[in-house]
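Undergrad: Input: one structure, supplied below.
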């Protein structure tokens with residue numbers, strides 16, 4: 001580790017963690033982030049780059065990195081893996097057609113060494129839409145009972161970024177899980 | 001520093017001598033730590049270091065825009081920037097302090113969690129903060145120079161005074177070439193009262 005990262009690590013506020021928010025385009029990553037932060041969600045356009053927000057939640061500082069999900073820019077996701085404590089995977093539960101893509105991309109992330117220790121929160125988003133798959137159906141479709149999730153700390157929450165339903169539950173789980181892994185040890 | 005400590009010790013009571021005697025290992029570590037922090041302080045105030053930042057900002061600030069969303073390319077530039085700064089600082093430290101070891105300094109840092117405060121560490125922290133980087137680039141683009149927190153520590157060097165000509169890639173060569181002027185330069189910085 002280099003000088004600057006050591007200093008950052010030693011000096012970092014005790015309860016600070018880094019969350020990476022990923023998912024296919026139009027899954028609702030930015031909307032979740034803004035809604036959770038109490039911002040207006042009526043004028044959100046597709047993210048071509050990334051957004052950063054530092055949120056305070058139950059005494060923790062969450063550095064949230066929300067990176068665009070369009071196919072052409074997914075290869076850039078890996079530039080944001082470093083030092084990630086928690087991965088938030090956002091699924092458009094009403095987009096049945098692309099659930100295969102969604103599973104493939106998630107599987108790919110699970111193989112990344114830099115994300116190996118990260119807690120995984122899956123938001124089954126867009127529950128406000130008619131035809132949205134349930135939490136159980138998403139678990140099935142993404143194969144979350146499969147082998148590569150056996151050793152992973154993961155959870156899934158049905159949510160709606162538009163109504164805000166479920167967001168708090170998900171973020172609570174995430175901070176609890178990360179803090180039980182990281183902060184209890186020290 | 002040692003001499004001052006000893007003279008103070010001599011005037012004090014025997015009890016305190018005993019206490020101080022017990023601390024002698026600690027103070028060697030302290031000296032090493034202080035020496036490095038002092039060197040870091042000097043390095044951050046070097047014109048050459050300021051040039052390095054200026055040149056980088058000048059070369060890359062055009063792509064930055066004052067929008068909430070960041071472009072993917074900023075991340076690339078940010079890691080280049082961090083590597084450049086870190087490379088320079090480590091290079092300088094190695095020149096100034098023969099016995100410099102990142103490993104040793106790293107463990108001293110970890111033991112001094114509560115002591116690493118002040119401008120030097122704030123500034124070093126800022127180099128790994130993406131949002132500070134973005135606002136630095138934006139202020140550079142808008143005003144053609146540093147603004148905000150950084151100049152408070154550095155002393156402003158405007159880009160009019162320091163040439164556009166030196167590319168960032170050339171900097172490691174500059175470091176090596178200036179080896180012999182290093183100590184006077186850092187002393188000058190101290191003499192000029194820039195050091196707290």
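Taken together, the values in this text are just the output of simple stated rules run on the coordinates, not laboratory data. Keep in mind the model is a prediction, meaning the values are calculated, not measured. Here the Cβ is made from the backbone with ideal geometry for all residues, glycine too, and neighbour counts use every protein chain on show.
Undergrad: Does the range B:87-101 hold any residues that are surrounded by fewer than 16 Cβ atoms within 10 Å (Cβ to Cβ) and free of Cβ contacts under 8 Å to residues at least 24 places away in the same chain, and which are they?
TA: B:94, B:98, B:101
Undergrad: Evaluate the following for residue A:6: is it within 13 Å of chain B (Cβ to nearest Cβ) and within 30 Å of residue B:90 (Cβ to Cβ)?
TA: Numbers: within 13 Å of chain B (Cβ to nearest Cβ): yes; within 30 Å of residue B:90 (Cβ to Cβ): yes.
Yes, satisfied.
Undergrad: Name the residue that is farthest from the chain's Cα centre (by Cα), counting only residues in the range A:140-161 that are in a helix (DSSP H, G or I) and crowded, with 17+ Cβ neighbours inside 10 Å. I'd like the intermediate steps shown before the answer.
TA: Taking the range A:140-161 and keeping what is in a helix (DSSP H, G or I), we get A:140-141, A:147-149.
Filter once more, keeping what is crowded, with 17+ Cβ neighbours inside 10 Å: A:141, A:149.
Values: A:141: 18, A:149: 15 Å.
It comes out as A:141.
Undergrad: Right, here's the next one. Would a scan of the range A:58-67 turn up a residue that is exposed (fewer than 15 other Cβ atoms within 10 Å of the Cβ), within 11 Å of chain B (Cβ to nearest Cβ) and within 21 Å of residue A:92 (Cα to Cα)?
TA: In the first step, residues of the range A:58-67 are kept if they are exposed (fewer than 15 other Cβ atoms within 10 Å of the Cβ); the result is A:58-59.
Those left that are additionally within 11 Å of chain B (Cβ to nearest Cβ): none.
No, the range A:58-67 contains no residue that is exposed (fewer than 15 other Cβ atoms within 10 Å of the Cβ), within 11 Å of chain B (Cβ to nearest Cβ) and within 21 Å of residue A:92 (Cα to Cα).
Undergrad: Here are the criteria: (1) under 17 Å from residue A:95 (Cα atoms); (2) without any contact (Cβ under 8 Å) to a residue 60 or more places away in the chain. Tell me which single one residue A:151 does not satisfy.
TA: (1)
Undergrad: Just give me the residues in the range A:2-23 being surrounded by fewer than 22 Cβ atoms within 10 Å (Cβ to Cβ) and part of a loop (DSSP other than H, G, I, E, B), in sequence order.
TA: A:2, A:12, A:13, A:14, A:15 - these are the residues of the range A:2-23 that are surrounded by fewer than 22 Cβ atoms within 10 Å (Cβ to Cβ) and part of a loop (DSSP other than H, G, I, E, B).
Undergrad: (1) away from every other protein chain (no Cβ under 12 Å); (2) over 23 Å from residue B:133 (Cα atoms): which one isn't true of residue B:50, the others all being true?
TA: Exception for residue B:50: condition (2).
Undergrad: Hey, another quick one. Scan the range A:72-113 for residues that are more than 14 Å from every other protein chain (Cβ to nearest Cβ) and outside any loop (DSSP other than H, G, I, E, B) and report the count.
TA: Within the range A:72-113, the first condition is being more than 14 Å from every other protein chain (Cβ to nearest Cβ), and the residues that meet it are A:85-113.
So of that shortlist, the ones also outside any loop (DSSP other than H, G, I, E, B) come out as A:86-92, A:96-110, A:113.
Looking only at that region, the number is 23.
Undergrad: Within the range A:28-51, is even one residue surrounded by fewer than 22 Cβ atoms within 10 Å (Cβ to Cβ), in contact with a strand residue (DSSP E or B) (Cβ under 8 Å, 6 or more places away or on another chain) and assigned to a strand (DSSP E or B)?
TA: For the range A:28-51, residues surrounded by fewer than 22 Cβ atoms within 10 Å (Cβ to Cβ), in contact with a strand residue (DSSP E or B) (Cβ under 8 Å, 6 or more places away or on another chain) and assigned to a strand (DSSP E or B): present.
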